[in-house]
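Okay, structure first, notes after.
The values are calculated or read from the model by the stated rules, or taken from the named source; none is laboratory data. As the structure is a computational prediction, the values presented were derived from the model and not from experiment. Positions of Cβ are generated from backbone atoms using ideal geometry, with glycine treated the same way; all protein chains shown enter the neighbour counts.
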Amino acid sequence: MARYLAHRVGQAILVVWLAYTLVFLAVQLLPSDPVTIFLTADSAVDQAAIDTMKSQYGYDQPLLVQYLNQLVGVLSGNFGYSLASGQSVLDRISGVAGSTVALAGSAFIVAGLMAVIVVAAATLTRSAILRRVLVNLPPLLAAVPVFWLGLVLLDLLSIRWGVMSLFPDGSVLSLAIPVLVLAAVVSAPLAQVLLKSMNQVYDQPFIDVLRAKGASRSWIFFRHALKNAAGPALTVMGITVGTLFAGSVITETVFARSGLGSVVLTAVTTQDVPLVQGLVLLTASVFVVVNLVVDLLYPLLDPRILKSNGQGAPRALTA
Amino acid sequence: MNTSEPATHPERDPLLVIEGLEIVYGHGPTATTAVNDADLTIRRGEIVAVVGESGSGKSTLVKSIIGLLPAAARRTAGSVMLGDTNLTDASERDLERLRGVRISLVPQDPGASLDPVKTIGSQVAEVFRLHPDGPRRSRAEVRADVVRLLTLVGIDRPEERLKQYPHELSGGLKQRVLIAIAFSLQPDLLIADEPTSALDVTVQARILDIFERLAREFGTAVIFVTHDLAVATDHAVRIVVMHRGRIVEDRPVGDILAAPEQDYTVRLLREASPHRLPAEPRPGLELDRTSATPAIEVTGLTRDFSRAGEVHRAVDDVSFSIAAGTTFALVGESGSGKSTTARLILRLLDPGAGQIRVHGDDVTTATRRQKRELWRNLQLVYQNPDSALDPRLPIRDIVGEPLLNYRIGSRAERARRVGELFEQVDLAPGFASKRPHELSGGQRQRVAIARALALGARTLVLDEALSALDVLTQAQILDLLRSLQDSLGLTYLFISHDLHVVERISTTVGVMRQGKLLETGATAQVFGSPATEYTQLLLAANPGHRLRQQTPLSSRLHALSAT
């Protein structure tokens, strides 16, 4: 177990470091340095002002020195300063991150619940028609863009029926609708994968043995099948963190919520490179941490994982 | 095992009465009748075997009793009564109360019949939690009950096993756990669907003994399905023969053995009986044997595996040689190293020590290129034809694929060769465009053999190639293998745990145990007068004791041929 843990944590750190380095290299591919790009975006600026700012931000140093300085900065919690506001990147992000974490986090959990509910209903229903509808729901939702769903709901609820304010006012509905929109879209691939692995689980003979023990359909589903089928869905859940982040940026914009969405939007449009770098690092870290948690949960779901880590396939140990 | 028990118990009440049962798969013009007008009565405490080849409807019949038919199947006529309860009219909820309590099930494949992510203890205790009638029990009492059950089925260290997961247990132990579950509430009726088909002979014998003992102890009636008449005659008091969905014969074991009524029963009995002798060496071959180089020759073959820091010797100093044109069988329990030996010879694994010669060429340290040459001559036919054939390819492409891999011939030449191969393995040309799932088990195995022969292999490694097939299909594939050996002069390395099959096909036999080759010799000699205790044990565990008693002539012939 300890080896497995060390292995996975080491991998996670490596991935974050590689992501950071790739972003650094990508910035170097820009036609000019970040300060010049930022300052020449709107008006003509004299070269002296550019040079002063460049030396302030350290962009006049040789590449390797820049890289190492930034890396040391990141390790000590200093993610650089925004070119637009001069505020520290960390402050700029942490000031609004709470709202996004609340949105994305609730959507993540609601998405998981929605997937389980859809799959449970599709598996346990005795009505062939209902089952067919439920089975086709996830592919349909997967094809719906987040912004479209958001705009349609906004149009219906705020403009036509007037039950919800156009801007967040702290009401239950104005919090719940963005969460549901995001969750619906994120839950679609989850439900698809869960349904597929559920079907495979139900093809296995142990399901018949459970029925022969006298277990009811819901007993079998919730006490046995779900745990067996959860693995692939959990993996997909880890991967959807990317979709979740992109989706929350769009949702925040559609529903005029403050949060990382607006920061991302301004950082990209004003070409505030240090801020973009900080955001990418944050996203990569969240992605890696969530997937690390998924990897660590896996052995709890399936005891065979740890065994198969060694040489050879898991096999019978005793006669 | 013993036959002292009276054949039937007419004085006892009928427990299960099936009348006019008809079960149909599918709808409309494609519907097929799996069970047709079946009548069957089981009395309390009676052990009845249902036999027949695959597709005869035996599994469907018994599954309908416990209400576990697949979704595509439905009952179209007839009734099933358990005592006073009509099972065919019962609601799902009523059935749930019956299952596990009055009727229970021991499944076919112990490997996949336990929930892989739950502990053994929780899965046995589950039966008590599902049916919490009677006095309330504390956790400690349930635990004590589970331990008692595990002890009852002969599981050692039951306390430790409670916390283990199914993958930590061998197939035999898993089947014991499943038997413990089935007997936990002392049911009136137990249904066992091929309960030992997936197990070794030695394990099979032990499992069936436990089964029989518990059934007698608790007065449980048992219906067990098997394709192996040898097993049926050893353990049942009555045999029900099914053929094409109909019950064609239903009589006490003694009567069926003495005077089978149906031709079909006669055929089943003939295939299950140990009467046929191994193929006589063909004239002229004897001369070859001394002069020609052996097809396969291994000396001092050794291979270790390390698992979790522990070194385990899978193959230990194994030496043997197979004369060209003959069949050598490796027998032994699972885990004895038979398959590893085969994989080493095929050079799918690297040997730790020793030497392998195939048709005189030393292939012990073959390079990638040399291995490709080796596999033109030496091919594998795998145990499970279902998973050894790509389900998405038509049969034609599966058989022709090796030619494509080795870039042999033009498209037309390859098509011709595939046609030739189809003919050699007796597959109708019409199958060419079908896919594996449309074929029966026997036909799939023919495809696997045709593919192995595509490049003109002279030696085939048959790893449990017949184990997944029923007796009648086994007999057909055996005939095919024999005729291919005659016409093409093939050499077989035959790996099997089924001694019946081995004694019918092999010229020489090697017995393996724990990686070591215990003894080798001519088949008749090894089986007739085994040199080691272990071989004697294997032979004793081989089912068909009553069949052997019934056909003294053949066993006498057998003994004669040994000298």
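At-a-glance table
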item	result
Which listed residue is more than 9 Å from chain A (Cβ to nearest Cβ), part of a helix (DSSP H, G or I), without any contact (Cβ under 8 Å) to a residue 40 or more places away in the chain and not hydroxyl-bearing (S, T, Y), from B:A90, B:A125	B:A125
Residue tally, condition in contact with an Asp or Glu (Cβ under 8 Å, 6 or more places away or on another chain) and more than 24 Å from B:Q536 (Cβ to Cβ), over segment B:198-218	1
Residue list for segment B:123-158, filter: closer than 18 Å to A:F206 by Cα, surrounded by 15 or more Cβ atoms within 10 Å (Cβ to Cβ) and of a type outside the set (A, V, I, L, M, F, W, C)	B:Q123, B:E126
B:E96 among the acidic types (D, E) and touching a Ser or Thr at 6+ places or on another chain (Cβ under 7 Å)	yes
Evaluation of B:L69 against (1) touching a strand residue (DSSP E or B) at 6+ places or on another chain (Cβ under 9 Å); (2) surrounded by 15 or more Cβ atoms within 10 Å (Cβ to Cβ); (3) more than 11 Å from every other protein chain (Cβ to nearest Cβ) (one fails), failing number	(3)
Test result for B:L190, crowded, with 17+ Cβ neighbours inside 10 Å and free of Cβ contacts under 8 Å to residues at least 40 places away in the same chain	no
Failed item in (1) assigned to a helix (DSSP H, G or I); (2) within 20 Å of the chain's Cα centre (by Cα); (3) at pLDDT below 85, with B:P543 passing the rest	(1)
Residues that are over 19 Å from the mean Cα position of the chain (by Cα) and touching a residue at least 24 places away in the same chain (Cβ under 8 Å), drawn from segment B:469-486	B:L480, B:R482, B:L484, B:Q485, B:D486
Among (1) in contact with a Lys or Arg (Cβ under 6 Å, 6 or more places away or on another chain); (2) more than 11 Å from chain A (Cβ to nearest Cβ) - the single one B:P110 does not satisfy	(2)
Number of the exception - B:L95 against (1) within 9 Å of chain A (Cβ to nearest Cβ); (2) more than 23 Å from B:R43 (Cβ to Cβ)	(2)
Count of segment A:230-275 residues which are more than 13 Å from chain B (Cβ to nearest Cβ), assigned to a helix (DSSP H, G or I) and among the small types (G, A, S)	9
Those residues of segment B:367-385 which are assigned to a loop (DSSP other than H, G, I, E, B) and surrounded by 14 or more Cβ atoms within 10 Å (Cβ to Cβ), in sequence order	B:Y382, B:Q383, B:N384
Subset of segment B:151-196 (residues that are within 11 Å of chain A (Cβ to nearest Cβ) and of a type in the set (F, W, Y))	B:Y165
Number of positions in segment B:483-497 that are buried (at least 17 other Cβ atoms within 10 Å of the Cβ) and farther than 12 Å from B:T326 by Cβ	4
Matching entry among B:I449, B:I395 (being buried (at least 16 other Cβ atoms within 10 Å of the Cβ) and within 18 Å of B:R482 (Cβ to Cβ))	B:I449
Qualifying positions in segment B:334-366 - within 26 Å of the chain's Cα centre (by Cα), crowded, with 23+ Cβ neighbours inside 10 Å and on the phi < 0 side of the Ramachandran plot	B:S336, B:K338, B:T341, B:L344, B:I345
Helices (runs of 4 or more DSSP H) completely within segment A:12-105 that count 1 or more residues being out of contact with any helix residue (DSSP H, G or I) (no Cβ under 6 Å at 6 or more places or on another chain) and among the acidic types (D, E)	A:47-57
Selection status of B:V147, free of Cβ contacts under 8 Å to residues at least 60 places away in the same chain, in contact with a helix residue (DSSP H, G or I) (Cβ under 6 Å, 6 or more places away or on another chain) and more than 8 Å from every other protein chain (Cβ to nearest Cβ)	yes
Tally, over segment A:276-319, of residues that are at the interface with another protein chain (Cβ under 7 Å from one of its Cβ atoms), modelled with pLDDT under 80 and assigned to a helix (DSSP H, G or I)	1
Listing of helices (runs of 4 or more DSSP H) fully contained in segment A:110-229 that carry 2 or more residues being surrounded by fewer than 18 Cβ atoms within 10 Å (Cβ to Cβ) and either within 14 Å of another protein chain (Cβ to nearest Cβ) or without any contact (Cβ under 8 Å) to a residue 24 or more places away in the chain (or both)	A:128-142, A:146-154, A:172-202, A:217-220
